[in-house]
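K.L.:
Dumping the structure here so I can ask a few things about it.
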Amino acid sequence: MKPTIVKREPVVDDALDQCEARLTEEEIEKVINEVIDKETGGRLWTYVNTCIHCGLCAEACHWYLSNDRDVSFAPVTKVKDTIWVMLEKKGKVDAAFIKRCSQIAHTECNLCRRCGMYCPFGIDIAYMLLVVRRICAKLGMVPLYLQDTVHSHAATMNQMWVKPDEWIDTLQWQEEEAQGYVPSARLPLEKEGAEIMYSVIGPEPKFLAQLLGNITVIMKVAGLDWTMPATAGWDNSNMAMYSGDFEIMARVERLHHETAQRLKVKKIVMGECGHAFRGAQYDGPTWMGWMKPPIPIVHAIEFYYDLIKSGRIKIAKKAEGPITSQYPCNVIRNAGLGSKLQYIMSAVCENFVDLIPNDRHAFCCNAGGGTINCGPPWKKLRVQSARLQSENFKRTGAHTIVTPCHNCHSGVEDIVDKYKLGMHVKFFSELLIEAMEIPEHLKPKEEEAE
Amino acid sequence: MYEFVSGPLVWLAFIIFIGGSLYRIYKMLSDCKKENVVFPHMSLKHSLASLVHWVIPFNNQYMQKRPIFTIVSFAFHICLILTPVFLLAHLVLLDESWNISWFNIPDGIADWMTIVVIIGCIFFLYRRLTDPVVQNVTDGSDYLLLAITALPFITGFIAYHQLFAYKTILIIHILAGEIMLIAIPFTRLSHMLFFVFTRAYFGSEQGHVKNSKDW
Amino acid sequence: MSNIESWDWEIKEKMLAEPAKWKDQFEDVWEPYISPDGEKIASIVKIGEGEFNICVNGNTWEEPFEKMWYSRFSPDGRLTALISKDMEWTLAVDGVALEETYEYIWETKFSADGKTIAAIVRQESGYGILVNGKVWECPIKLESIASHVISSDGKTSAVIAQTVAVAEADVNAFTKGSWSVVVNGKPWKDNYVDVYGLAISNDGQRFAAEYRNSICEYGIVVDEKPWNEKFGCTWEPVFHPNKSDEITVPVRQGGQWLLATNGRIVWDKGFFSLLYQTYSPDGNNIAAAVAPQFAKWTVAVNGQPWSITFGECVQKPCFSPDGRKIAVIAKDSGKWLLVVDGTVLGKDYDNIWQPVFSPNGDKVICKVEKNGKYAVAVNGEIRGNDYEALWNPVVSPDGTKVMICGVEGGKYYRKVVLLSDI
Ligand code: HEM
Ligand code: HEM
Ligand code: SF4
Ligand code: SF4
Ligand code: SF4
């Protein structure tokens, strides 16, 4: 089978170029065969040998659809140009090929699993591309910024090089901020035996600290017994899962789940992030040998759903005007929280305008799967390949897009920017904090407020 | 020649087909077992749910989006499986040698079903030649598989209508049928064997593990 | 826990404080901590906007602080907290703050006798360790400290630290190595890509850590010298309790986890997962949490797994004092269980804390939680009443009594009961 002809200018990424210059063919052959023999099994073989080459999966992929049906972006093409060749040639491929594999697997696929849902056999293309990422990662062929993020995970156990003191300091600062709204609010650190451990992703303390203030207010209003760790293990995100460095992925997830066990909580509630849920709920535990996390983890969507449904949080004033929401693949298609998201959106919005397609059929924002973490070199192609979803957003006529996922948030901001949609991008908690009722006794006293 | 092709070779073909299929399935299952996580992630309920949504036409969003393909694909596969199994000519042979027999489709209908399969093959061939995505993942083996699939039907049809040298065509037909049977376990035609398993796994992973659905 | 002999093991019951009443006295009362001997209970309390204090058995320290957190009792019963005044941070012990202040301070740790108190500090000159009021001297600037350990005699502190500054997205500098171990201010000679799982031998003389050199190349380094063997992955090393030259580590090879001592594989079986290797008190046996298959957890003793398995997880095993029995907390179907030598004891609970054995090993005592209440369970069955708050029971040195400290009806009690009575 001839390699697919790619008609676009290749993106330049220094780390990939350096790695290409360094790799030897013996090394490549060894790693490919090692991964295929030791880390895969019947599944990969069956997928490759069952695929009837019908091309039906193409229709599922936003890369393909957004790029005028460019064949090189079809899911089956992505496996054809990577794992099929590795298997056929038994690992005898060159460094340029591995570089192309990384481009395809790391930067041109979000592992969103939409194609798996549209293949008549249920062939999991995303799984095969993750195997390709694993091979690339073991060879050191990982886009620069993604690799840097993985280094951050490895060194600090969080995504953003946040040092232990910066973390605690930020929490203490946000506790004070929260007390501006609700003077009795507290962000309890290291409270053993609390009901809930709240965990977030690295960018929250680094860039979006107000979200930590928001949750402090929400927890107080809902009257919940919660805590956050003052040690590493607070970050639930995991780019190592996406680069293919599964050992670091597991180390990060293990620490996160052991921190919850150390704090003796009943559950972990996590902020609005899709891939972090995937890592903490599936990929991390699976590698560790846990069927599910030892302490259950609850995604923000489900958490807010429970709070609103049970009346622990009441809505005082719904957000006005048409508002829509992205459906983050990792918590919707791949975790089934679609109807809960619709419920909470309707609860806090006067006019929730749904996307078409919605729920598990919704398209990825094209930031997921680590692609946005591949950084500036790849941004143009990534945003260009989100055209389809930009049209879907536009059709809703909303003034705001809610993104209950950090990657989606950044990705959708890029979309709004590039396609001049003129919409705001918000997390759900930002809407909730505006809409929810703060009981009289929790409000600042009059004289203090003046 | 005819005796050989319609005697020992049939035996051989069926032995290879059945034995090969069993071996393939066994090998796949044992390789999956080594992978540790596969079976713990499976659930019967979600496997069946997935199959129900993908074996019944138009029972999932994707099939609804592509009505023509869905109709062709189902017609093709239904006729492909039913025609040879319930064909009178085949049953007569079976009856002669083994003295067993079952319900047969009237020859007229079977003839039309054969045409459906041949049309299906032409449709798939057309896609393969024109659809850029399919084209890009096509090589000789794909045409060969189409040919292996089509040939027993084409030759069977010719034989039935006695259009050319009947005896020769019949021998070719039987050979073609045997090739197809032998090919099933060892080529991508094995999708017939694995369909149930890949669906069951993906359905389980989406439903049982990920609390979602795969249709 | 120092001087455990001199604690009051006679008085059967003391009501020492009424924490419930503190709620009326202060704007906010945080979760309480107790001294190791159970005589004191303390909570950080908010007394006003930006004013905190700590309430010990009903009395507050003389001086309030702008911020306070991390109140912890030392093993010798002194109360410490991390406090801030004038936007600077420092450590306060029994109401007295250190003169010296720091940009930040965290993770207070103690020697076994409580005489040494250490914490990590950030100063303009970088990160360091504060030991008994003095920051250690280190010839290089530490860019970050990931974790610290202190020897039980308190003489040695060691940290995992970033020893080389790495610019943002400089992946090459990072892969050259920028992390190392610093012992009492003295950095090890080599840097590594990453360093994890720093351990100190019981005699306080030797140090071992995991290091990583590239994506799947892990190893163990002991006192600056790496083992010759490399592994696909490792977990934290553990020293033999009496022999400081024996180190045992779970290592990954060929897609499975094995146990290695001083670089040699010692268990003949590999596992899907292997964690929390633990030596018996005499060091002759090793137990670990293992998963022979995916999602089937149990304990392996000297490589031999128990026949019982649990679906969710198994925590760190714990040996009886004589080393003959092993207790572990396991989770199955959403419930926590106490397991001793492969048999589930008693009922299931919403939470179980790390158990302790009676000296002869026939009783396993632990704190459990059921329906939001806490209780002491012996061999898995609840004995005695429920508490609103409870601390881990402590067995007396002679092994005849147990100290139980808890809050009941808003009052804090310290009780001493005969082991034979429960
Ligand atoms: C393996 C041994 C096989 C033998 C001995 C055999 C034998 C025959 C015979 C004797 C006929 C009747 C020709 C006539 O009417 O004069 C026939 C027809 C036919 N056979 Fe087979 N066959 C075999 C395998 C297959 C297979 C594997 C398929 C398809 C999957 C197949 C499909 C057909 C079809 C479609 C017809 C013609 C039906 C029609 O147009 O009415 N045969 N075969
Ligand atoms: C129960 C068994 C079978 C199942 C469930 C099955 C399922 C499928 C599916 C899902 C496809 C993908 C495209 C589509 O939906 O049409 C397909 C294609 C196909 N199947 Fe089957 N199949 C079965 C048996 C067979 C057999 C026995 C043969 C031939 C010997 C066959 C030959 C083909 C061919 C030629 C294609 C089209 C490939 C192309 O696009 O060129 N199938 N099958
Ligand atoms: S997983 Fe998503 S992004 Fe990747 S090929 Fe499939 S549909 Fe496209
Ligand atoms: S839809 Fe499935 S069988 Fe068809 S090409 Fe794609 S992966 Fe292969
Ligand atoms: S970034 Fe958002 S939409 Fe995209 S893969 Fe993640 S969860 Fe999906």
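K.L.:
What trypsin sites (Lys or Arg not before Pro) does the range A:385-450 have in DSSP loop regions with at most 14 other beta carbons within 10 Å?
P.N.:
A:Lys420, A:Lys445
K.L.:
Roughly how compact is the range A:14-142, stated as its Cα Rg over 2.2 N^0.38 Å to two decimals?
P.N.:
1.01
K.L.:
To continue, here is another question. Ranking C:Tyr104, A:Tyr127, B:Tyr166 by Cβ neighbours within 10 Å, fewest first, what do you get?
P.N.:
Result, fewest neighbours first: B:Tyr166, A:Tyr127, C:Tyr104.
K.L.:
Using only the Cα atoms of the range A:339-450, what are the Rg and Dmax in Å?
P.N.:
When restricted to the Cα atoms of the range A:339-450, Rg and Dmax are 17.0, 55 Å.
K.L.:
Which whole-number percent gives the relative contact order of the range A:316-435, counting Cα pairs below 8 Å spaced six or more residues apart?
P.N.:
Rounded, it is 32 percent for the range A:316-435.
K.L.:
Between A:His361, A:Gly321, A:Tyr305, whose Cα lies farthest towards the positive end of the dipole of the range A:289-370 when Lys and Arg beta carbons carry +1 and Asp and Glu beta carbons carry -1, centred on the Cα centre?
P.N.:
Farthest along the dipole direction, towards plus: A:Tyr305.
K.L.:
Using +1 at the C-beta of Lys and Arg and -1 at the C-beta of Asp and Glu, which of A:Val35, A:Gly140, A:Phe73 has the Cα lying farthest in the positive direction of the dipole of the range A:14-142?
P.N.:
A:Val35
K.L.:
Something else about it: Run a plain Debye calculation on the range A:281-345 (Cα atoms as equal point scatterers, no solvent) and give log10 I(q)/I(0) at q = 0.25 Å⁻¹, rounded to two decimals, same order as the q list.
P.N.:
Computed log10 I(q)/I(0) values: -1.13.
K.L.:
To make sure I understand, if each residue's beta carbon is the centre and we count other beta carbons within 10 Å, what order do C:Leu130, B:Leu144 fall in, fewest to most?
P.N.:
B:Leu144, C:Leu130
K.L.:
How far apart, in nm, are the 7 Å Cα→Cβ label points at C:Asp421 and A:Glu391?
P.N.:
8.0
K.L.:
Another question about this same structure. With a cut-off of 8 Å between alpha carbons and a minimum separation of six or more residues, what is the relative contact order of chain C in percent?
P.N.:
8
K.L.:
Along each principal axis of its Cα atoms, how long is the range C:1-145 end to end? Whole angstroms, biggest number first, please.
P.N.:
That gives 54, 41, 21 Å along the principal axes, largest extent first.
K.L.:
Using 1/(1 + (r/R0)^6) with R0 = 35 angstrom and r between the beta carbons of C:Thr343 and C:Ile265, what's the FRET efficiency to the nearest 0.05?
P.N.:
Once rounded, the FRET efficiency stands at 0.75.
K.L.:
Mind checking the mean number of beta-carbon atoms from other chains within 10 Å of the Cβ atoms in C:166-178?
P.N.:
Per-residue shielding by partner chains comes out at 4.
K.L.:
Which whole-angstrom value gives the distance between the alpha carbon centres of the range C:214-251 and the range A:238-312?
P.N.:
With the range C:214-251 and the range A:238-312 each reduced to a Cα centre, they are spaced 28 Å.
K.L.:
With r as the distance between the Cβ atoms of A:Thr24 and A:Asn351 and R0 = 51 Å, compute the FRET efficiency 1/(1 + (r/R0)^6) and round to 0.05.
P.N.:
In this case the efficiency is close to 0.30.
K.L.:
Of the listed pairs A:Lys163/C:Lys134; B:Lys210/C:Lys109; A:Lys7/B:Lys213; A:Lys220/C:Lys85; A:Lys267/C:Lys367, which have alpha-carbon separations greater than 31 Å here?
P.N.:
Beyond 31 Å: B:Lys210/C:Lys109; A:Lys7/B:Lys213.
K.L.:
Still on this structure: Taking N as the number of residues in the protein assembly as shown, what value does Rg over Cα atoms divided by 2.2 N^0.38 Å take?
P.N.:
1.04
K.L.:
Additional query: Could you check the simple spin-label distance between C:Asn242 and B:Tyr2, using points 7 Å along Cα→Cβ, in nm with one decimal?
P.N.:
The two pseudo-label positions are separated by 9.2 nm.
K.L.:
Quote to one decimal, in nm, the extra length available between B:Val85 and B:Asp111 on full extension: 0.36 nm per residue of separation minus the C-alpha distance between them.
P.N.:
In short, 8.0 nm is gained.
K.L.:
Taking a quarter of the surface of the convex hull around the Cα atoms of the range A:155-295, what do you get in nm²?
P.N.:
For the range A:155-295, averaging the hull's shadow over all directions gives 7.6 nm².
K.L.:
Okay, moving on. Over what distance in Å are the Cα centres of the range C:83-103 and the range C:11-39 separated?
P.N.:
24
K.L.:
Mind checking the full-extension length gain between C:Glu51 and C:Ile11? Use 0.36 nm per residue of separation minus the Cα-Cα distance, one decimal, nm.
P.N.:
10.7 nm
K.L.:
Between their Cα atoms, which of A:Lys2/A:Lys394; C:Lys40/C:Lys243; A:Lys318/A:Lys420; C:Lys230/C:Lys316; A:Lys38/C:Lys296; A:Lys264/C:Lys23 are more than 30 Å away from each other?
P.N.:
Too far apart for the 30 Å limit: A:Lys2/A:Lys394; C:Lys40/C:Lys243.
K.L.:
Now a separate question. When the helices in chain C are scored as -39500 (n - 2.57) per DSSP H run of 4 or longer and the sum is shared across all residues, what 222 nm value do you end up with, to the nearest 500 deg cm²/dmol?
P.N.:
So the helix-based figure for chain C works out to -500 deg cm²/dmol.
K.L.:
Kirkwood Rh and Cα-based Rg: tell me the resulting Rg over Rh for the range C:265-422, rounded to two decimals.
P.N.:
Radius of gyration relative to Kirkwood radius: 1.00.
K.L.:
Also, quick follow-up: In nm, to one decimal, how far is the modelled label at B:Thr168 from the one at C:Lys411, with both set 7 Å along Cα→Cβ?
P.N.:
Once both label points are built, they end up 11.0 nm from each other.
K.L.:
Taking Cα centroids, how far is the range C:279-344 from the range A:174-192 in Å?
P.N.:
Taking the Cα centre of the range A:174-192 as reference, the centre of the range C:279-344 is 39 Å away.
K.L.:
Based on the Cβ-Cβ distance from B:Ser141 to C:Lys115, what FRET efficiency comes out when R0 is 60 Å, to the nearest 0.05?
P.N.:
Efficiency computed from Cβ-Cβ geometry: 0.20.
Here, each number is a calculation from the coordinates, and none is a lab measurement. Fair warning: this is a prediction, and the values are worked out from it, not measured in the lab. We place every Cβ from the backbone using ideal geometry, glycine too, and count neighbours over all the protein chains shown.
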